[in-house]
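Asks: Pasting a structure below so you can have a look.
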Amino acid sequence: MREFIRKWVQMLGCAPEAHVILDKDGVRGTTYTACRENAEVIFYTVTGMGHFWPGGKSHMPERVIGKSSDVINATDLIWEFFQRHPM
């Protein structure tokens, strides 16, 4: 687990075991649950992708920014997370 994710998991008192929520076409999503105050940590990695917002649109050619991915839509995932965890 990456160091910054480990720190969030510890700070929020989550169970240390990650649960895979997505593993498709180079995109892997993991979550850490059983955290204090109904918090959760979700972490996505996208392998082989260039400098590109997942699920977004680009007007730059792939040779400039690298490969894109539409397996996830980062904007939708972030919005769904904040809807589940309002402050």
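Derivation of every value follows stated rules applied to the coordinates shown; laboratory data play no part. Given the structure is predicted, the values throughout are model-derived calculations rather than measurements. Cβ coordinates were reconstructed from backbone atoms using ideal geometry, including for glycine residues, and neighbour counts include every protein chain displayed.
Asks: Which members of the range 26-79 meet the condition of being of a type in the set (Phe, Trp, Tyr) and buried (at least 17 other Cβ atoms within 10 Å of the Cβ)? Talk me through it step by step, then tell me what you get.
Replies: Going residue by residue through the range 26-79, those that are of a type in the set (Phe, Trp, Tyr) are 32, 43-44, 52-53, 79.
Selection gives TYR32, PHE43, PHE52.
Asks: Looking at the range 4-25, which of its residues are charged (D, E, K, R), in contact (Cβ under 8 Å) with a residue 24 or more places away in the chain and surrounded by 11 or more Cβ atoms within 10 Å (Cβ to Cβ)? Walk me through how you get there before you give the answer.
Replies: We begin by selecting, within the range 4-25, every residue charged (D, E, K, R); these are 6-7, 17, 23-25.
From what is left, the residues that are in contact (Cβ under 8 Å) with a residue 24 or more places away in the chain are 24-25.
The answer is ASP25, and nothing else.
Asks: Scanning for something within 18 Å of ARG84 (Cα to Cα) and of a type in the set (Lys, Arg), does the range 31-39 turn up at least one residue? Walk me through it before giving the result.
Replies: Of the residues in the range 31-39, the ones within 18 Å of ARG84 (Cα to Cα) are 31-39.
Checking which are of a type in the set (Lys, Arg) leaves us with 36.
Scanning the range 31-39, I find at least one residue that is within 18 Å of ARG84 (Cα to Cα) and of a type in the set (Lys, Arg), so the answer is yes.
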